[in-house]
1. Which one of these does PRO106 not meet: (1) open to solvent by 20 Å² or more (accessible area, probe 1.4 Å); (2) under 14 Å from the mean Cα position of the chain (by Cα)?
2. Exactly one condition in (1) at negative phi; (2) modelled with pLDDT under 90; (3) exposed (fewer than 13 other Cβ atoms within 10 Å of the Cβ) is false for VAL195; which is it?
3. Checking the condition free of Cβ contacts under 8 Å to residues at least 12 places away in the same chain, polar (S, T, N, Q) and at negative phi, which residue from THR126, THR67 passes?
4. Check segment 110-129 and report whether any residue there is closer than 25 Å to ALA29 by Cβ, surrounded by 22 or more Cβ atoms within 10 Å (Cβ to Cβ) and within 15 Å of the chain's Cα centre (by Cα).
5. Mind listing whichever residues of segment 76-89 are open to solvent by 10 Å² or more (accessible area, probe 1.4 Å) and under 11 Å from PRO50 (Cβ atoms)?
6. Of all residues being within 10 Å of the chain's Cα centre (by Cα) and buried (at least 21 other Cβ atoms within 10 Å of the Cβ) in segment 130-141, which is modelled with the lowest pLDDT? Just the residue, please.
7. Kindly check whether there is at least one residue in segment 150-173 that is of a type in the set (A, V, I, L, M), more than 24 Å from PRO81 (Cβ to Cβ) and free of Cβ contacts under 8 Å to residues at least 40 places away in the same chain.
8. Which residues, taken from segment 151-187, are within 24 Å of MET89 (Cβ to Cβ), part of a helix (DSSP H, G or I) and open to solvent by 80 Å² or more (accessible area, probe 1.4 Å)?
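The values are calculated or read from the model by the stated rules, or taken from the named source; none is laboratory data. The structure displayed is predicted, hence computed values, not measured ones. Glycine also receives a Cβ, built like all others from the backbone with ideal geometry; neighbour counts cover every protein chain displayed. Side chains included, ligands, DNA and RNA excluded: accessible areas come from the protein's heavy atoms. Shrake-Rupley method; radii C 1.70, N 1.55, O 1.52, S 1.80 Å.
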Amino acid sequence: MITHPQAAAAPVPDPDEERRRIQTARLLAYRDDGPLVALLRDKMGPGLPPVPAGLASLLAVIAIGVTGVLGDGKGPIMLLPVLVMVALMVPTAPRDHLGRFDWLVPPLIRGTEFLTIIVLGLAAGTPKWLLFVLIYVVGYHTYDTVYRTRQSIWPAPWVFQAGLGWELRLLLLGAGAALGLLTWVVAVMSVYLGVLFAVESIKSWVGLDKQTALAQASDDLEASPEDALEQATGEADKA
């Protein structure tokens with residue numbers, strides 16, 4: 001008797017493991033890490049606990065802003081809040097972000113990033129409206145990422161690299177502030193990121209709409225005449 005080999009059944013993913021994988025992927029996307037973190041992630045061992053590090057960086061930037069240690073807004077001292085946040089938060093990237101309170105990490109990073117921009121800008125005399133534009137652009141990118149992932153639409157990895165990530169954005173801003181060029185750096189960064197995030201987001205959503213329309217058209221073509229007649233009759237009855 002000749003028997004045909006049976007195809008091996010595809011392994012069924014463990015639901016809990018899949019949930020944990022998606023949670024980690026979402027939180028890592030919400031962090032908005034850039035090229036520097038991507039370069040160092042595998043070289044930092046287990047990493048620091050992200051929530052305590054995030055709280056420490058936020059409190060440190062608040063203390064720097066309140067105490068006025070940045071002085072007249074010039075010189076290497078302007079790098080202080082940036083280096084504090086980078087030193088505390090970059091080593092948290094290797095963690096799996098599955099802790100009970102690790103959902104706090106992305107808002108801690110984004111809040112500290114925005115606060116650092118404000119502290120640097122106020123110390124350097126950068127126009128407040130320009131600071132608002134940069135914060136708005138980054139905030140839009142964050143909202144777009146959150147909304148997309150909730151619809152299971154993941155932004156392309158290159159977007160986070162091209163967007164510089166929170167760490168390179170802050171390092172560039174700190175260097176610009178130290179050189180007395182913060183206003184120009186904020187302006188150029190706002191235009192660059194605004195165009196990048198807007199164009200990529202629009203192309204992604206337009207592409208999704210086209211895929212949805214094609215899928216719907218394919219379903220309509222595959223429907224039998226009886227199904228099509230029944231659907232048309234039902235719509236007519238509703239009208």
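1. Here PRO106 clears every test but (1).
2. (2)
3. Being free of Cβ contacts under 8 Å to residues at least 12 places away in the same chain, polar (S, T, N, Q) and at negative phi holds for just one of THR126, THR67, which is THR67.
4. yes
5. Matches in segment 76-89: LEU88 only.
6. Filtering first and then ranking leaves HIS141.
7. yes
8. Answer for segment 151-187, where residues must be within 24 Å of MET89 (Cβ to Cβ), part of a helix (DSSP H, G or I) and open to solvent by 80 Å² or more (accessible area, probe 1.4 Å): PRO157, TRP158, LEU172.
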